[in-house]
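Written out below as structure tokens is the structure these notes cover.
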Amino acid sequence: MQFYHLSQEDNFLKMLSDLELKYYSRQILLEDIGLAGQEKLKKAKVLVIGAGGLGCPVLTYLTAAGVGNIGIVDHDIIEISNLHRQTLYSFEEIGKSKAEIAKIKLEKLNPFISIEVFSIRFEIDNALKIMEKYEIIVDCSDNYETRFLVNDATVFLNKILIYGSIYKFEGQVSVFNFKNGPTYRCLFPEMPVKESLTNCSLSGVIGVLPGIIGGFQANEVVKIITEQNNILSGKLMIYNAKTNHNQFIDFKRNSAINYDLLFKLQLSTKIQHYEISKQELLEVEKIIKQEILFLDVREIGEIPIFETENLIRISLSKIELDFNKIPKNQKVIVFCQSGIRSKNAINLLKKLDNFENLINLNEGISEEFIESWKEKK
Amino acid sequence: MKCKVIYFGLIAEKLAFDSEEIVIETDIFDKSNLELSFKKRHIQLTEMTFKTAVDGVLTNKIDTENQSQIKEIAILPPFAGG
């Protein structure tokens with residue numbers, strides 16, 4: 001075929017075998033892709049988090065397009081109720097690992113690429129390690145907890161995030177953290193509480209919709225890798241499968257969000273003796289104020305007196321008696337005068353009842369901090 | 001001037017309709033806080049998470065000087081499904 005042997009493309013021919021050139025021939029014919037684009041696809045490293053409704057079309061199209069290094073994260077097994085929309089799987093594979101089966105199927109579709117499987121739940125302890133080597137992350141998860149973690153970790157590592165999500169007949173697509181563009185938290189700063197139990201398993205979803213939304217996600221990945229224009233960065237696309245209506249919403253990056261800190265706060269549930277400075281606390285409170293509880297472990301009468309909502313007082317001397325008043329389901333900032341007793345209180349609480357949600361306010365409380373806090377309120 | 005409000009996802013479901021027409025001058029009680037205004041307007045939204053967009057731009061405010069020019073307000077909940 002003539003176009004394989006254009007002299008100016010000789011460098012690229014070394015990257016792709018004759019068989020690969022045949023495989024991708026219809027794509028290489030496109031002026032916007034060409035051999036150069038195909039080589040970029042081959043070199044690209046893309047991680048897909050979730051191999052369910054969205055993950056199946058994303059993985060299929062990225063594999064077929066020739067994305068050279070694909071990671072799949074999914075701890076789930078295939079269930080019969082998945083099959084109407086998760087088209088990589090078949091009836092006889094029920095009960096088997098989604099990530100493992102996806103790899104087998106995708107390798108049959110395209111033997112020229114490399115696929116790495118993580119059959120584990122994507123969590124704060126493994127997030128950075130899993131994401132490390134990939135350049136583009138595709139969020140195909142199905143719950144807010146993972147979505148916020150994926151976003152924060154992606155921004156923390158400065159990767160590009162391709163977002164897609166669905167609800168019944170509607171889907172949302174966007175590209176986050178692309179060339180310093182906006183992120184998921186610039187759209188939705190806080191994790192919803194009331195709606196967090198809503199997912200496809202509970203609310204239902206039309207089977208074709210994840211195919212459409214996943215297709216849009218895969219398209220954005222290919223566009224980014226091959227350096228095309230009109231990336232969905234700073235735009236949220238909302239698609240309605242009933243009306244075929246597409247809505248676009250423009251949004252900007254919120255530079256007030258401190259991602260390093262947000263990610264450290266998430267990590268704090270796993271790291272012993274995590275500490276936060278007063279300045280960091282003032283910054284992060286803007287974003288997640290409803291999740292933070294203060295625990296004052298000073299004795300009665302100590303000054304300065306700090307009055308705020310969401311504060312409980314249990315002095316260090318009484319903490320063994322009253323530790324059951326401290327919740328475990330939200331971040332608790334523990335403070336004293338200097339940060340030493342609060343650190344001791346945290347150690348004690350960990351021993352007493354395995355508290356993992358406590359953060360020490362290092363250097364303790366101060367008049368200056370209290371004034372700044374009041375100004376914010 | 002009437003303005004169209006479009007509701008998406010779970011919010012449209014809670015309200016049992018996906019759009020309505022409002023008059024911004026009289027129907028939006030706090031032009032500097034659209035989220036709060038819509039939570040007051042529809043009690044079903046009180047505890048729900050959503051963002052607002054005016055004529056295709058994410059914002060929680062209405063520019064009162066140009067409010068008569070506004071054609072559409074979108075009420076956007078996050079989706080989690082995958």
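Computed from the Kirkwood radius of its Cα pairs, the Stokes-Einstein diffusion coefficient for chain B at 20 °C and 1.002 mPa s stands at 168 µm²/s. The tail of the calculated P(r) for the stretch A:26-109 beyond 19 Å holds 39 percent of all Cα-Cα pairs.
When the P(r) is computed for the stretch A:64-186, the part past 22 Å accounts for 40% of the Cα-Cα pairs.
Within a Cβ distance under 12 Å of A:N246, other residues only, what is the Lys/Arg minus Asp/Glu net charge? Neighbourhood net charge equals 0.
Residues in the stretch A:230-239 carry Karplus couplings, in order, of 6, 6, 6, 8, x, 9, 9, 9, 10, 10 Hz; the curve used is 6.51 cos²θ - 1.76 cosθ + 1.60 with θ = phi - 60°, and Gly or Pro positions show x.
Of A:R147, A:R85, how do they rank once you tally other Cβ atoms within 10 Å and put the fewest first? It would help to have the intermediate numbers written out before the result.
Values: A:R147 24, A:R85 21.
Taking fewest neighbouring Cβ atoms as first place, the list is A:R85, A:R147.
Using only Cα coordinates, the Kirkwood hydrodynamic radius of the stretch A:44-250 works out to 16.9 Å.
Considering only B:T49, A:A44, A:I136, and ranking their Cα positions along the charge dipole of the protein assembly as shown that arises from unit charges at the beta-carbon of Lys, Arg, Asp and Glu, the one farthest toward the positive end is A:A44.
Antiparallel beta bridges, as assigned by DSSP with both residues in chain B, represent about 75 percent of the total such bridges.
Any of A:K252/B:K2; A:K159/A:K350; A:K374/B:K40; A:K242/B:K51 with alpha carbons more than 31 Å apart? Name them for me.
A:K159/A:K350
Between A:F91 and A:L128, the modelled label-to-label distance comes to 4.8 nm, taking each label 7 Å out from Cα in the direction of the beta carbon. A Cβ-based charge dipole, computed about the Cα centre of the protein assembly as shown with Lys and Arg at +1 and Asp and Glu at -1, lands at about 400 debye.
Can you list, largest first and rounded to whole Å, the semi-axes you get for the stretch A:148-254 by taking the square root of 5 times each eigenvalue of its Cα gyration tensor? Display every interim value, and only then the final one.
Values: eigenvalues 99, 65, 30 Å².
Largest first, the stretch A:148-254 gives 22, 18, 12 Å.
Taking 0.36 nm per residue of sequence separation and removing the Cα-Cα distance, the A:M15/A:E367 pair yields an extension gain of 120.3 nm.
Compared with the direct C-alpha span, the chain from A:N344 to A:E135 gains 71.1 nm at full extension, assuming 0.36 nm per residue. Histogrammed with a bin width of 20 Å, the alpha carbon distances of the protein assembly as shown distribute as 22, 48, 27, 3, 0 percent, first bin at zero.
Only DSSP H runs of four or more residues enter the estimate; each adds -39500 (n - 2.57), and after division by the residues of chain A the mean residue ellipticity at 222 nm equals -10500 deg cm²/dmol. For the stretch A:288-377, the percent of C-alpha pairs falling in each 10 Å distance bin, counted from 0 to the bin holding the largest distance, reads 17, 55, 26, 2. Across the stretch A:157-167, computed HN-Hα scalar couplings (Karplus, 6.51 cos²θ - 1.76 cosθ + 1.60, θ = phi - 60°) run 8, 6, 9, 8, 10, 9, 9, x, 8, 9, 8 Hz from first to last residue, x flagging Gly and Pro.
Ordered by the number of other Cβ atoms lying within 10 Å of each residue's own Cβ, fewest first, B:D18, A:D260, B:D55 fall into the sequence A:D260, B:D55, B:D18.
Normalised by the residues of the stretch A:44-250, what does the relative contact order come to in percent, with Cα pairs under 8 Å and at least six apart? After rounding, I find 23 percent. Exposure proxy ranking for B:S32, A:S174, based on other Cβ atoms within 10 angstrom of each Cβ and starting from the fewest, stands as B:S32, A:S174.
Every number in this text was worked out from the coordinates using simple rules, so none of it is lab data. Bear in mind the structure is a predicted one, so any value in this text is a computation, not a measurement. All Cβ positions, even for glycine, are placed from backbone atoms using ideal geometry, and neighbour counts span all protein chains on display.
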